[in-house]
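The values are calculated or read from the model by the stated rules, or taken from the named source; none is laboratory data. Computed from a predicted model, the values in this text were never measured in an experiment. For neighbour counting, all protein chains shown are included, and Cβ atoms are generated from backbone atoms with ideal geometry for every residue, glycine included.
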Amino acid sequence: MIAYANTPLFWDTLGQIPRLNLAQFPTPLLAMPRLATKLNVKELWFKRDDLISFGLGGNKIRGLEFLMADALAQHADYIVTGAGVQSNHVRATAAASAYCNLRCKAVFWGRPPDQVDGNYRVTRMLGAESFFTGDPDRASVDQGIARICGELIDQGHQPYPIPRGGACALGALGHVLAAHELYEQCDESGFMPDLVVLAAGSGGTHAGWLLGTHLLGNPWQTISVTVSREVKAVRAEIARIANETAFYLHIDWQFTPEKVAVHDGFIGEGYGIPSPEGANAIRLVGRSEGVLLDPTYTGKAMAGLIDLSQHELAKDRSIVFLHSGGEPAFFAGAGNWLQKDTNVSPTNLNR
């Protein structure tokens, strides 16, 4: 299969894998000239996966098209997944489950929040049952998913578990196709980016884009800004998922963590906790282009891109930034992280 990976035959074959059509593609690829000027990059485009038309958008829908098709083929009656309480993935999964008339159980680490807002409000509205592990360790979600699936099986149900963030081979397939989608859009527009920049949380998005980019002959470099884990761990996870996805597609490729490009320094106090750098990046993008980013993923990823734009890797380059969605999280909490307004410019964003 490797011999014709970058041919229409391969992509047509990939398109035959069972997939539930939840949204309309391609998502827009829009130029951001004002922001490009401020960052001193040659070209800057946003791949607007936040405008996906299903379940309040976000690129998690791409992976769920494959995961939900598999769940239906296995005659599942419950979807069980989990993450943090403001998870885009859980909110999107709850929407897909309701659409497919399947019950959904959502496992969250920690304890219930004081307020029901943001993604958590949407998740509950969509009918998902919420369970909290009581443990602040994110890995407790994995144990919770396994426990609930076991209980459902004992009760005679057929649960379908989806790991945190949908980070698995089937989930990554949606992002492989997203890379191909971008390639076709750029080819039609008469330009090809030097870099594609995105946020890395659970690692599934970068893994899919990494594999998809290699299948296309590496027309650009894919680099993520970690918003969740330290670099060594996120590189290993991205390589693992990319390798599992390649195996699923019968491609004899092996990605090593050392070959995964991840930019660090913008997690802040921790995953899901807004950072000053992310808040300033959100202000800059909003005031430059009228586009809203979120404080958990895209805000921190943009802060990383702003930092990259001041180095040779990205300076004077053509860049596509993946806007993966997540705006509901912007409206969670009191918004105190936005209260300190600053003179927003690339030179002071990371101070």
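Yes/no per residue for (1) in contact with a strand residue (DSSP E or B) (Cβ under 8 Å, 6 or more places away or on another chain); (2) in contact (Cβ under 8 Å) with a residue 24 or more places away in the chain; (3) in a loop (DSSP other than H, G, I, E, B):
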| site | (1), (2), (3) |
| --- | --- |
| H206 | yes, yes, no |
| W209 | yes, yes, no |
| T213 | yes, yes, no |
| E237 | no, yes, no |
| Y271 | no, yes, yes |
| V291 | yes, yes, yes |
| P295 | no, yes, yes |
Subject >> Of all residues making up segment 128-187, the number that are among the polar types (S, T, N, Q) and touching a strand residue (DSSP E or B) at 6+ places or on another chain (Cβ under 8 Å) >> reply: 4
**OP:** For residues that are in contact with a Pro (Cβ under 9 Å, 6 or more places away or on another chain), surrounded by fewer than 24 Cβ atoms within 10 Å (Cβ to Cβ), at pLDDT below 90 and small (G, A, S), tally how many sit in segment 294-334.
**Re:** 2
Original post:
So is I61 outside any helix (DSSP H, G or I), at pLDDT 95 or above and on the phi < 0 side of the Ramachandran plot or not?
Top reply: no
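Is there a residue being at negative phi and modelled with pLDDT under 95 anywhere in segment 123-133?
Start the filter on segment 123-133 by keeping residues that are at negative phi, which leaves 123-126, 128-133.
With the extra rule that they be modelled with pLDDT under 95, the set shrinks to none.
No, segment 123-133 contains no residue that is at negative phi and modelled with pLDDT under 95.
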**OP:** Among what's in segment 67-87 and is modelled with pLDDT under 95 and of a type outside the set (A, V, I, L, M, F, W, C), pick the residue that is surrounded by the most Cβ atoms within 10 Å (Cβ to Cβ).
**Re:** S87
Subject >> Filtered residues of segment 99-113 (kept if part of a loop (DSSP other than H, G, I, E, B) and more than 20 Å from E327 (Cα to Cα)) >> reply: C100, N101, L102, W109, G110, R111, P112
Original post:
Which number in (1) of a type outside the set (K, R); (2) out of contact with any Phe, Trp or Tyr (no Cβ under 8 Å at 6 or more places or on another chain); (3) assigned to a helix (DSSP H, G or I); (4) within 30 Å of L210 (Cβ to Cβ) marks the one condition that F191 misses?
Top reply: (3)
Subject >> Tally of residues being at pLDDT 85 or above and not in a loop (DSSP other than H, G, I, E, B) across segment 3-39 >> reply: 10
Original post:
From the list S288, S224, which one is at pLDDT 95 or above, buried (at least 22 other Cβ atoms within 10 Å of the Cβ) and not basic (K, R)?
Top reply: S224
Original post:
Can you spot a residue in segment 74-84 that is farther than 22 Å from N59 by Cβ and without any contact (Cβ under 8 Å) to a residue 24 or more places away in the chain?
Top reply: no
**OP:** Mind counting the residues in segment 203-262 that are out of contact with any Phe, Trp or Tyr (no Cβ under 9 Å at 6 or more places or on another chain) and among the hydroxyl-bearing types (S, T, Y)?
**Re:** 4
Original post:
Which members of segment 122-134 meet the condition of being surrounded by 16 or more Cβ atoms within 10 Å (Cβ to Cβ) and either part of a helix (DSSP H, G or I) or not assigned by TED's automatic domain parsing to the domain that holds C104 (or both)?
Top reply: V122, T123
Subject >> Hey, R34 surrounded by 16 or more Cβ atoms within 10 Å (Cβ to Cβ) and among the basic types (K, R) or not >> reply: no
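Would you point out which residue out of F255, F266 is modelled with pLDDT of 95 or more, touching a Lys or Arg at 6+ places or on another chain (Cβ under 6 Å) and not in a helix (DSSP H, G or I)?
Values: F255 fails: touching a Lys or Arg at 6+ places or on another chain (Cβ under 6 Å).
Going through F255, F266 in turn, the sole match is F266.
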Subject >> Filtered residues of segment 59-80 (kept if farther than 21 Å from I148 by Cα and touching a Leu at 6+ places or on another chain (Cβ under 9 Å)) >> reply: N59, I61, R62, G63, E65, F66, A69
**OP:** Could you pull out the residue among S228, S224 that is over 28 Å from G15 (Cα atoms), hydroxyl-bearing (S, T, Y) and in the same structural domain as L313 (by TED's automatic domain parsing)?
**Re:** S228
Subject >> Matching entry among A246, A242 (being part of a helix (DSSP H, G or I), closer than 27 Å to P18 by Cα and touching a residue at least 40 places away in the same chain (Cβ under 8 Å)) >> reply: A242
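Determine, yes or no, whether E181 is of a type in the set (D, E, K, R), over 20 Å from V262 (Cβ atoms), assigned to a helix (DSSP H, G or I) and assigned by TED's automatic domain parsing to the domain that holds P295.
Numbers: of a type in the set (D, E, K, R): yes; over 20 Å from V262 (Cβ atoms): yes; assigned to a helix (DSSP H, G or I): yes; assigned by TED's automatic domain parsing to the domain that holds P295: yes.
Against the criterion (of a type in the set (D, E, K, R), over 20 Å from V262 (Cβ atoms), assigned to a helix (DSSP H, G or I) and assigned by TED's automatic domain parsing to the domain that holds P295), E181 qualifies.
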Subject >> Those residues of segment 231-258 which are surrounded by fewer than 21 Cβ atoms within 10 Å (Cβ to Cβ) and either under 16 Å from L198 (Cα atoms) or among the small types (G, A, S) (or both), in sequence order >> reply: V231, A233, A236
